[in-house]
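Working notes, structure below.
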Amino acid sequence: MTDKSNVDEHTEASEAQIAVHWKEEQYFQPSQTFIEQANMTDPDIRQKFGEANFPDCFKDYADMLTWSTPYTKVLDTSKPPFWKWFVGGKLNASYNCIDRHLAQYRNKAAFIFVGEPEQDPPVAMTYQELYVRVNEMAALLRDFCGLKAGDRVTLHLPMTLDLPITMLACTRLGVIHSQVFGGFSGQSCGSRIQDSGSHVLISTDAYWRSGKLIDHKVNADIAVQTAEKLGQHVDKVLIWQRYPGKYSSPTPMVEGRDFFVNELLQKYAGKQVEPVPMDAEAPLFLMYSSGTTGQPKGCQHRTGGYLAYVAGTSKYIQDIHPTDTYWCMADIGWITGHSYIVYGPLLLAATSVIYEGVPTYPDVRRPWRIAERLGVNIFHTSPTAVRALRRAGPEEPRKCGHHFKHMTTVGEPIEPSAWRWYYDEVGKREAVIVDTWWQTENGGFLCSTIPALDAMKPGSAGPAMPGIYPVIFDDNDEELVKGSGQAGNMCIRNPWPGIMQTIWGDDQRFVDTYYKRYCKDPQSKDWRDWPYMSGDGAMQAADGYYRILGRLDDVINVSGHRLGTKEIESACLTVPEVAEAAVVPVMDEIRGRVPDVYVSLNAGSTGMPGSGASADVVDRVIKACEDMIGKIARPRQVYIVPDMPKTRSGKIMRRVLGAISNGLAVGDVTTLANGTVVEEIRVMVQGKHAVASTDAIPEDIAKFGQHD
Ligand code: PRX
């Protein structure tokens, strides 16, 4: 038994006890070739973005945009933590992403779409063509749907060109888009429709995934029904077609409610719509993200600050030039895709690749073939994808003729061995790597190396971004000494232009979630009193590099995507036999973390442990998670337990279940109300003679459930 896992109700693991995942690594230097062409080579950049020059340093990013009315003040902090950026300025997002590039880049590809079926040739869409399509779609949204600035529209679209066209058409009118990840279920989409108050849903008939043309229209029907049940009526459902002019879904269209976008567009052919100048503080989009409660929160991003921040970070950190072909393999349905597939690359007039399908379809060499064929020179993906591609085809990248100058990893901590494979095999030792740490709430990167200036260190995200001043607090809310190497709660001391404005419709939750814990004086008007709490554990090494250790709250990071344990538990509780549910994160070789589900059943239910009906309950629990959230929330295991381990006050001890699921020792359980059930559950999961792991325990696992 290791004492590291001895985390019962009374003895919390101290920072010192928590082993960090991996040891400090050697540095890797960027190549001279990279440095010579890099956008950012000023060794004084961090000083220029230092506190002495805050907030004016961010004018540099705002200058990358075209403003129809110049701003008069960089930052207004009069109502913390509701910061205002570039006050008084007006601009339009679609104008900045498209119109202003036409004079110079009219016939350069803005996007290259690669469908999953490999026999279909890639489709390049020029800036001119994008301009035409976005204008036509904007005319349709305005004239057919009656949408205007400030209205919200929910999009539930997969990875095709229709998605950025729709997003940009919304922004042309000042309509706030709320794109729900295409892999989320209809029910998830419906609750987001309701929360955002959308009257229009934009979806599609079908898309390709792992060789199958998946019916997506069915989700639109479920979404509308769910929203109706929650009290939000949807007037119109616009359906794109994967193959224009052909309906590829078996689900019928609903007369008077559902319309084919491609049919409607005929009426708007060649229509032009003046981009509406929007206030810098006007919301640009909502992006829902999981938190510690069951209800996902709509992160509301502003127009001016957000666009400035993604332009600046895309230029300096992604090193995007207009001549680059850039491929971010994330989904546009996540914040990474919004910032670094659509807005960032387009603001810089680059060519951005959109791939429809799964990276390993039809085989593990697919990404490298795409990269070679399109001449991709900047590549961006997650540790989960790196691990999966490495496991299935460690030698494959070598066999392909692609050459990257730059690669990104994002979404989860990347272990040094996966980092090295990425560097040696995918990047062929030619490419720099940036490990970028940030969150849906943040708009853009918060920690990363500046690729031509800072050495890379595998497993560490790197220093803070220019203009970002982090602080790490220990469990007693004391600031840790800079570079101490001790783990604590990662916070950012200052506002920055990319930070979300608020949680849609819930200012109080915004304050409570991110600012309450570390704000010493809620009356203070000084931004220095309002550190932003990220919810991540981190440590800063003596060289100033941050290593992110994982979530410290009830959020599970599955393949770089956030799922709230409470959300999954609520889904499980919809199965009538389930009395109680507890969800815990389990370490997974490929996906980082996956959820395990423990359920106890109502007295008298068929399906008690060991009975024939239990398999049926397990199946229905899995189905509930998939239906209510999406396949991404599919539990690794569902265990039906005789009772939940509980404190005397009746709280479920999730940390005990987490230890069991991760093959760890459970520690002292004598203080529990029903300690004996723990051994029963342990045997059920680990087997009779389980040997507790003596490996270092990642911080998020060690601390999981500690705050219950
Ligand atoms: O735990 C951190 C992890 O992903 C969380 C944010 O998830 P989400 O809002 O879905 O955004 C993902 C993409 C921006 C963070 O709280 N995370 C993100 N990037 C890294 C990371 N963990 C370690 N290293 C990273 N580079």
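The values are calculated or read from the model by the stated rules, or taken from the named source; none is laboratory data. If you're wondering where the values come from, they're calculated on a predicted model, not measured in any experiment. Backbone-built Cβ (ideal geometry, glycine too); neighbour counts: all protein chains shown. In case anyone asks, the SASA skips ligands and DNA or RNA and just uses the protein heavy atoms, side chains included. Shrake-Rupley method; radii C 1.70, N 1.55, O 1.52, S 1.80 Å.
Below are the figures for this structure:
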{"read-out": "Span-like helix ranges in the chain, DSSP H, alpha carbon extent 20 angstrom or more, Kyte mean at least -0.5", "value": "127-143, 614-628"}
{"read-out": "In segment 103-174, trypsin sites (Lys or Arg not before Pro) in a DSSP loop with at most 12 other beta-carbon atoms within 10 Å", "value": "Arg106, Lys148"}
{"read-out": "Helical contribution to [θ] at 222 nm, DSSP H n ≥ 4, -39,500 (n - 2.57), averaged over the chain, rounded to 500", "value": "-7000 deg cm²/dmol"}
{"read-out": "Subset of Lys229/Lys623; Lys315/Lys405; Lys108/Lys267; Lys399/Lys428; Lys73/Lys148 violating a 18 Å alpha-carbon distance limit", "value": "Lys229/Lys623; Lys108/Lys267; Lys73/Lys148"}
{"read-out": "Mean Cβ neighbour count within 10 Å, used as a protection proxy, ranking 76-82, 552-558 highest first", "value": "552-558, 76-82"}
{"read-out": "Nearest-10 value in Å² for the accessible area of Leu265, using the 1.4 Å probe", "value": "30 Å²"}
{"read-out": "Amide H contacts under 5 Å for Ala124, placed H, 5+ residues apart", "value": "Phe113"}
{"read-out": "Per-residue ³J(HN,Hα) for segment 283-295, Karplus 6.51 cos²θ - 1.76 cosθ + 1.60, θ = phi - 60°, Hz, x for Gly and Pro", "value": "x, 9, 7, 10, 9, 7, 9, 7, x, 7, 9, x, 8"}
{"read-out": "Rounded, prolate or oblate (a/c below 1.5 giving rounded, otherwise prolate when a/b exceeds b/c) for segment 294-339 by Cα gyration tensor", "value": "oblate"}
{"read-out": "Among Leu374, Tyr423, Ala538 - extreme Cα towards positive end, dipole of the chain, charges at beta-carbon", "value": "Leu374"}
{"read-out": "Amide H contacts of Val432 (H built 1.01 Å from N, under 5 Å, at least 5 apart or other chain)", "value": "His406, Met407"}
{"read-out": "Estimated distance in nm for a label pair at Lys23 and Glu395, the labels positioned 7 Å out from Cα along Cα-to-Cβ", "value": "3.1 nm"}
{"read-out": "Most positive-pole-ward Cα, Phe404, Leu102, Val666, against dipole of the chain from beta carbon charges", "value": "Leu102"}
{"read-out": "Protection proxy ranking of 617-625, 120-128 - average other beta-carbon atoms within 10 Å, highest first", "value": "617-625, 120-128"}
{"read-out": "³J(HN,Hα) computed for each position of segment 432-449 - Karplus, 6.51 cos²θ - 1.76 cosθ + 1.60, integer Hz, glycine/proline x", "value": "6, 10, 10, 9, 9, 9, 5, 9, 3, 5, 8, x, x, 4, 10, 10, 5, 6"}
{"read-out": "Point-charge dipole on Cβ atoms (K/R +1, D/E -1) for segment 457-574, about Cα centre, debye to 20", "value": "360 debye"}
{"read-out": "Order of exposure, largest accessible area first, which applies to Tyr316, Tyr105 with probe 1.4 Å", "value": "Tyr105, Tyr316"}
{"read-out": "For Met684, solvent-accessible area (1.4 Å; no DNA, RNA or ligand), Å²", "value": "80 Å²"}
{"read-out": "Extension reserve of the Thr671-Arg257 stretch, reckoned as 0.36 nm per residue once the Cα distance is removed", "value": "143.2 nm"}
{"read-out": "Viscosity 0.692 mPa s, temperature 37 °C, Stokes-Einstein D of the chain from Kirkwood C-alpha radius, µm²/s", "value": "126 µm²/s"}
{"read-out": "Loop-resident sites, segment 375-455, for trypsin sites (Lys or Arg not before Pro), counting at most 13 other Cβ within 10 Å (DSSP)", "value": "Arg429"}
{"read-out": "Under 27 Å from the Cα of Lys79 - lysines, other chains or at least 8 residues apart", "value": "Lys48, Lys59, Lys90, Lys297, Lys516, Lys520, Lys525"}
{"read-out": "Long-range HN-HN contacts of Leu284 with modeled amide H, under 5 Å", "value": "His301, Arg302, Thr303"}
{"read-out": "Segment 136-232, relative contact order [Cα under 8 Å, separation at least 6], %", "value": "30 percent"}
{"read-out": "Dipole magnitude of the chain, debye to nearest 20 (Cβ charges: Lys/Arg +1, Asp/Glu -1, about Cα centre)", "value": "1300 debye"}
{"read-out": "Length-normalised contact order of the chain in % [C-alpha pairs under 8 Å, at least 6 apart]", "value": "15 percent"}
{"read-out": "Bridge type composition, the chain - antiparallel percent by DSSP, nearest 5", "value": "60 percent"}
{"read-out": "Accessible surface, the chain, averaged per residue in Å² (probe 1.4 Å)", "value": "36 Å²"}
{"read-out": "FRET efficiency estimate (nearest 0.05) - Cβ-Cβ, Lys212 to Asn107, R0 56 angstrom", "value": "0.95"}
{"read-out": "Charge-dipole axis of segment 557-706 as Lys and Arg at +1 and Asp and Glu at -1 on Cβ define it, positive-most pick from Gly630, Ile697, Val597", "value": "Ile697"}
{"read-out": "Segment 503-656 - percent relative contact order, Cα under 8 Å, separation 6 or more", "value": "16 percent"}
{"read-out": "Rounded to whole Hz, the Karplus (6.51, -1.76, 1.60) HN-Hα couplings of segment 71-87, x for glycine and proline", "value": "6, 10, 9, 5, 9, 10, 10, 5, 10, x, x, 8, 6, 10, 10, 6, 4"}
